[in-house]
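Q: One structure follows; several queries about it will come next.
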Amino acid sequence: AVATFMAVPYFLCGCGRRPSEEFECGDDEGQVRGTGSIKKVDSNLVSELHKAREKVTDPTPNLKKAQEFLRLTSCVDEEGQWRGLFSTSIYAMSDVGGIGIELYFRLLRVLGIAFTFMAILTQPITFFSWNGNFVPDTGTVLSKITIGNLGRVAHGGVPQENRLVVIGCQAEDIKVFTKIFGYLDALSVVVFFCMVGYFRFKVVPTEARKDIEDNLTVADFSLEVEGLPRFISDQATYASKLKEHFLKRMEAAREHDNKGFLTALPHEELDPPRVVEVALTRDYGKKLGMIKHRAKLNRLKEIAEQKDDEKAAKKLEKQIEKATKRLGKKASGDELELPVVRAHVIVGTIKDAKLLQVHYRFANFGILRCCQKRAQRFGDEGKERPIRVQRAPEPSNIIAENQDVPKIERRVRRAVMSLLWLAAVAISAGLIYVTSSRARASNSAASMVLGSPTCDSGSFPAPDVPECNVLNMTAITNEVGRSLTGADRDCFCTSKGYAGVLQEAELRDDICRDWVTNAVKGVAIGVLSSVIVVSLNAVFRQIIILFAEWERPLSVSYLESSKMVKVFGSQFINTALILLAINYNGAAIFNGDYSDFERGWYAIVGAAMVTNMLINCLCGSFAYLGAAALQMVMRCCCRRRIKHQEELLDLYTNAPFDISSRYAAVLMTCYCTAVYSAGMPIILVFAAVFMFITYWCDKALLLWASSRPPFYDISMPKKASTILLFAVPLHLIFALGMYSHLCTFPSEPLGGTLASVSSSYTASAGSGGVTVAGQTDFIQRVTLESTWVLFILLILC
């Protein structure tokens, strides 16, 4: 029932089919026929959009024109009407922003369903953990739903690894449950891997192929050529010689096709090879970006003059003069003599475009490009250079002002930005480290011991924190506790637990009053630390976006993909890894409280991580909704005070749909869930809810509160789904560590053949005269009933 409740809403608007229609397009020399849906935008809307954004001759604010402009720049349908949230099929999202937008929402749906089933499989772990009392009581309820709370503390000399799980009047050895829980976690991992793998290796390639076959765009006939020589002997005839080169290459490619080289494409009688156009991108010395910047300054100057703001107008005039001087220093003279950076070639048929891509398929690899045949290279005779040919991006996906940036400069910029990104991550991590360390110092879970080497050997409290044996203190009455002072009284109150202290008036108001005050402060600092983590992620996300834009990428898809990876990396480090590092003790550089997944680790790290994920689940999409609502309020409040039509058009332009940050948030959520969900299965519920909320909020924002995005290709969903596959082995590694702890998650050794292998390995290691304690411990931990399946899955990965 829960799975149905979570999964069905994803399909409310996802069962529609792609619209199909016959199309026929051609010219005097040739034509292409087929059936499919033509990716198009109403020509009337496009022309009206261009007219509305041209230089405003009448600066008087016109609200009606601004509202029309809002509709034209938003994701309306072919008739200019707003799209419905539920009536818009998930497949129709490709009409809004290309196949990349459609696959983004389909990925959200896949992940939402996957996490829903994973949560259903593993929530018995949460239920039985909630009924335990094993985790140190640090005042947060969230630590009680981790596996650190599984079972009830054993008394009377009974080893803690033999403690019982009590439900109502029934009790059972904890090892009976840990074996089953290990199998459930392994099954949930298989579900995630199968669904993400199916999306990556089936859905993405299939939909990309269908999009190319069914939707006819100029990119289907276009090729992007990289690696061209900057100069040839007759630079003025560069385009004609390149055209002649590709005509010869098409003839050669067709000969290979006639021999059965490419059987996947339909064979048919074609007209002679034809190159419709060769567009050369020349090195203007980055003048394109400067011209765009100067045009923006001129526009701002006109607005300032209309508002009679002389001070701002003079300041902008100086900036325009500086921009004009910089432009004057750039490349000038005959355009035909300028060096060539790259070229875009438009051929006559889709088949020729595909054949050329196959013909140059090995050129996508740098090493193989060095071995390119001489006939495939281009340049003056004897000076030919290997070239790379690939499908050109959609016109709306091209960043025009970056096209004249040389490849070497883009690589240098990318390297510099990578270093700055590492510096920004280090600064962010340092701030989070300081904040989290303060929260750690306010909590003494590591000092709460049980007197068992198995349970306490991995805890390393600070030297100035006295050890507190909780079992010894449970036998002390309130009268004796009243006589205790200092650390002994704090230990007595700790043994009672927060719930016990708050429920008993004598403890709450008298004996443990100071302890309660300090405990509340500690919980508040912990929550504040989680809020700071989320806030810093948002701040540094904007900084990282600026870094990615400074790299001067050639396409919007590449820009968004770069931002996605950088934002995801920084957020994952800040949210998951820093918290793990500051609490780890070992490797000679970490001085935390825990060297293993002790029960106290779940009280500190586990509770903090669950809090982080809960805040992330609720705040991400709602922050975007709040920004959209604020934009609407600004239109109502500020439109009457605006004095220039350009400013009014800016006010009535929706914010762009930031797909890179959304992908990064999805990846960060999945990876944090992968790292911690084995010990905190409730995070799977938060992840499922996050995907559900993100799906519907992002769909509403895209359709109603975002400007029309460019037509994204499959690069981002392909890269994102590939990254998600690596979350599986990451989860298995952490699950092996959590499910093999002899005290927190005790389990019987595996019987049968694997047990014999483990025993023989231990015996041979012991008789070899060398210290192999670490290796022996590893073998013992991965051959438990709760971990052997996980270990096999890790090997298969």
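The values are calculated or read from the model by the stated rules, or taken from the named source; none is laboratory data. Keep in mind that what you see is a predicted model, and the values were worked out from it rather than measured. Positions of Cβ are generated from backbone atoms using ideal geometry, with glycine treated the same way; all protein chains shown enter the neighbour counts. Side chains are part of the model used for accessible areas, which takes the heavy atoms of the whole protein and leaves out ligands, DNA and RNA. Shrake-Rupley method; radii C 1.70, N 1.55, O 1.52, S 1.80 Å.
Q: Of all residues in segment 135-162, how many are open to solvent by less than 10 Å² (accessible area, probe 1.4 Å), touching a residue at least 40 places away in the same chain (Cβ under 8 Å), more than 23 Å from residue 527 (Cβ to Cβ) and not aliphatic (A, V, I, L, M)?
A: 1
Q: Which condition breaks for residue 575 when tested against (1) over 17 Å from the mean Cα position of the chain (by Cα); (2) closer than 18 Å to residue 528 by Cβ; (3) surrounded by 19 or more Cβ atoms within 10 Å (Cβ to Cβ)?
A: Going through (1) over 17 Å from the mean Cα position of the chain (by Cα); (2) closer than 18 Å to residue 528 by Cβ; (3) surrounded by 19 or more Cβ atoms within 10 Å (Cβ to Cβ) one by one, residue 575 breaks only (1).
Q: Could I ask something else about it? Return the pairs, sorted by first residue and then second, in which the second residue is open to solvent by less than 70 Å² (accessible area, probe 1.4 Å) and among the aromatic types (Phe, Trp, Tyr), the first residue lies in segment 285-310 and is closer than 18 Å to residue 554 by Cβ and free of Cβ contacts under 8 Å to residues at least 24 places away in the same chain, the beta carbons are less than 7 Å apart, and the residues are 6+ apart or on different chains.
A: none
Q: With the checklist (1) out of contact with any Lys or Arg (no Cβ under 7 Å at 6 or more places or on another chain); (2) in a helix (DSSP H, G or I); (3) more than 26 Å from residue 612 (Cα to Cα) in hand, flag the one item residue 118 doesn't pass.
A: Answer for residue 118: the failing condition is (3).
Yes/no matrix, rows are residues, columns are (1) under 30 Å from residue 714 (Cβ atoms); (2) out of contact with any Phe, Trp or Tyr (no Cβ under 9 Å at 6 or more places or on another chain):
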{"residue": "561", "(1), (2)": "yes, no"}
{"residue": "577", "(1), (2)": "yes, yes"}
{"residue": "617", "(1), (2)": "yes, no"}
{"residue": "626", "(1), (2)": "no, yes"}
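Q: Something else: Give the number of residues within segment 397-415 that are open to solvent by 60 Å² or more (accessible area, probe 1.4 Å) and either touching a Pro at 6+ places or on another chain (Cβ under 7 Å) or within 13 Å of residue 550 (Cβ to Cβ) (or both).
A: Here the count works out to 2.
Q: Does residue 317 satisfy the condition of being open to solvent by 90 Å² or more (accessible area, probe 1.4 Å) and either out of contact with any Ser or Thr (no Cβ under 9 Å at 6 or more places or on another chain) or not in a helix (DSSP H, G or I) (or both)?
A: Considered against the rule, which asks whether it is open to solvent by 90 Å² or more (accessible area, probe 1.4 Å) and either out of contact with any Ser or Thr (no Cβ under 9 Å at 6 or more places or on another chain) or not in a helix (DSSP H, G or I) (or both), residue 317 comes out as no.
Q: Now for a separate question. Select from segment 676-712 the residues that are under 20 Å from the mean Cα position of the chain (by Cα) and in a loop (DSSP other than H, G, I, E, B) and write down the one among them that is nearest to residue 149 (Cα to Cα).
A: 677
Q: Would you say residue 186 is touching an Asp or Glu at 6+ places or on another chain (Cβ under 9 Å), outside any strand (DSSP E or B) and either of a type outside the set (Ser, Thr, Tyr) or closer than 30 Å to residue 396 by Cβ (or both)?
A: So residue 186 fails the test.
Q: Restricting attention to segment 497-516, which residues are of a type outside the set (Gly, Ala, Ser) and in contact (Cβ under 8 Å) with a residue 40 or more places away in the chain?
A: Selection gives 498 alone.
Q: Scan segment 280-314 residue by residue and report those that are out of contact with any helix residue (DSSP H, G or I) (no Cβ under 9 Å at 6 or more places or on another chain) and open to solvent by less than 80 Å² (accessible area, probe 1.4 Å).
A: 281, 283, 295
Q: Sort through 101, 125 and tell me the only one that's β-branched (Val, Ile, Thr), modelled with pLDDT of 90 or more, more than 22 Å from residue 674 (Cα to Cα) and in contact with a Pro (Cβ under 8 Å, 6 or more places away or on another chain).
A: Unique residue meeting the criteria: 101.
Q: Give me the pairs: first residue in segment 360-381 and of a type in the set (S, T, N, Q), second residue surrounded by 13 or more Cβ atoms within 10 Å (Cβ to Cβ) and in a loop (DSSP other than H, G, I, E, B), beta-carbon distance under 8 Å, and six or more apart or on different chains, which are they?
A: Note: pairs meeting the criteria are 372/386; 372/387; 376/360; 376/386; 376/387.
Q: Kindly provide the set of residues from segment 642-671 that are of a type in the set (Ser, Thr, Tyr) and part of a loop (DSSP other than H, G, I, E, B), ordered by number. If you could, list the steps in order and put the result at the bottom.
A: Going through segment 642-671, the residues of a type in the set (Ser, Thr, Tyr) turn out to be 652-653, 660-661, 663, 669, 671.
Correct list: 652, 653.
Q: Right, next: Restricting attention to segment 718-730, which residues are open to solvent by 10 Å² or more (accessible area, probe 1.4 Å), in contact with a Phe, Trp or Tyr (Cβ under 9 Å, 6 or more places away or on another chain) and closer than 22 Å to residue 679 by Cα?
A: 725, 726, 730 - these are the residues of segment 718-730 that are open to solvent by 10 Å² or more (accessible area, probe 1.4 Å), in contact with a Phe, Trp or Tyr (Cβ under 9 Å, 6 or more places away or on another chain) and closer than 22 Å to residue 679 by Cα.
Q: Return the only residue of 618, 625 being open to solvent by 30 Å² or more (accessible area, probe 1.4 Å), modelled with pLDDT under 85 and under 30 Å from residue 100 (Cβ atoms).
A: Going through 618, 625 in turn, the sole match is 618.
Q: So, one more: Taking the options 595, 557, 529, name whichever one is among the small types (Gly, Ala, Ser) and within 17 Å of the chain's Cα centre (by Cα). Can you show your working first?
A: Values: 595 fails: within 17 Å of the chain's Cα centre (by Cα); 529 fails: within 17 Å of the chain's Cα centre (by Cα).
The unique qualifying residue is 557.
Q: On to the next question. Under 6 Å by Cβ, and 6 or more places apart or on different chains, what pairs join a residue from segment 638-663 that is closer than 30 Å to residue 696 by Cα with one that is modelled with pLDDT under 85 and not in a helix (DSSP H, G or I)?
A: Short answer, once both residue conditions are applied: 648/61; 648/642.
Q: Going by the conditions given, is residue 570 on the phi < 0 side of the Ramachandran plot, without any contact (Cβ under 8 Å) to a residue 60 or more places away in the chain and not β-branched (Val, Ile, Thr)?
A: No, not satisfied.
Q: Which of the residues belonging to segment 168-226 are open to solvent by 70 Å² or more (accessible area, probe 1.4 Å) and among the hydroxyl-bearing types (Ser, Thr, Tyr)?
A: Within segment 168-226, 183, 198 meet the criteria.
Q: Could you count how many residues in segment 504-526 are part of a helix (DSSP H, G or I), more than 36 Å from the chain's Cα centre (by Cα) and surrounded by fewer than 20 Cβ atoms within 10 Å (Cβ to Cβ)?
A: 10
Q: Additional query: Just one of the numbered conditions (1) part of a helix (DSSP H, G or I); (2) open to solvent by less than 50 Å² (accessible area, probe 1.4 Å); (3) modelled with pLDDT of 80 or more is not true of residue 380; which one?
A: (1) is the only condition that residue 380 fails.
Q: Another question about this same structure. Is it the case that some residue within segment 349-357 is closer than 28 Å to residue 233 by Cα and of a type outside the set (A, V, I, L, M)?
A: yes
Q: Residues that are of a type outside the set (Phe, Trp, Tyr), at pLDDT below 75 and open to solvent by 30 Å² or more (accessible area, probe 1.4 Å): does segment 229-251 have at least one?
A: no
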